[in-house]
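*Asks:* Take a look at the following structure, please.
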Amino acid sequence: MAQAESSIQARIRRGDGSPLVTAGDLAPAEHFVDGGFRPGKSVRTMDVVNPCDGTLFAQVPEGSVEDVDLAVTAARAARATWGRTVPKERSEVLHDTPYGLSASVWTENSRRGLDLPDRLDFGTVWVNAHLVLANEMPWAGFKGSGYGRDLSVYALDDYSRTKHVMHNHSR
């Protein structure tokens, strides 16, 4: 189902006048469970609102208790086989995704905890933690998760361009 262009999407344009972000750029508005996108059991949706100006950016399905139960059941089933998968195969699976927002590494092996983040192509990597954010560090995504460094001083580089201009005043 195609989404109508929101007012924020309509205002953000590329140099040629086309929208910078369109509904086609967004992941499907469905739940990601058991390796694929699927519609939720509920017909209710939640608004995703631009925090800068309060405009509607997208609508996503609201998860029901049944949706959560399906996700937990799938995760428990996958845990058994994933736990027996060797690290090299796990890495290949992780890198095969078109997204790269964040990853969590859980390990009792200190060396592995230090080595793995460098080999993971994700904008944020936590080791033995999840969703711990520091204001001075970027919240960023790689690949299809977008490019940005919001919530940190690194965002200034993304929202500005440096240009060198040399002017000969003798002419």
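*Asks:* Asp67 is checked against (1) closer than 22 Å to Lys143 by Cα; (2) modelled with pLDDT of 85 or more; (3) assigned to a helix (DSSP H, G or I) and fails just one. What number does that condition carry?
*Replies:* Of the numbered conditions (1) closer than 22 Å to Lys143 by Cα; (2) modelled with pLDDT of 85 or more; (3) assigned to a helix (DSSP H, G or I), the odd one out for Asp67 is (1).
*Asks:* Would you mind stating whether Thr107 is of a type in the set (Val, Ile, Thr), modelled with pLDDT of 85 or more, on the phi < 0 side of the Ramachandran plot and in a loop (DSSP other than H, G, I, E, B)?
*Replies:* Against the criterion (of a type in the set (Val, Ile, Thr), modelled with pLDDT of 85 or more, on the phi < 0 side of the Ramachandran plot and in a loop (DSSP other than H, G, I, E, B)), Thr107 qualifies.
*Asks:* Within region 78-104, how many residues turn out to be exposed (fewer than 14 other Cβ atoms within 10 Å of the Cβ), touching a residue at least 40 places away in the same chain (Cβ under 8 Å) and touching an Asp or Glu at 6+ places or on another chain (Cβ under 8 Å)?
*Replies:* The number of residues fulfilling the criteria is 1.
The values are calculated or read from the model by the stated rules, or taken from the named source; none is laboratory data. Being a predicted model, the structure only gives us computed values, none of them experimental. Positions of Cβ are backbone-derived with ideal geometry, glycine not excepted, and every protein chain shown enters the neighbour counts.
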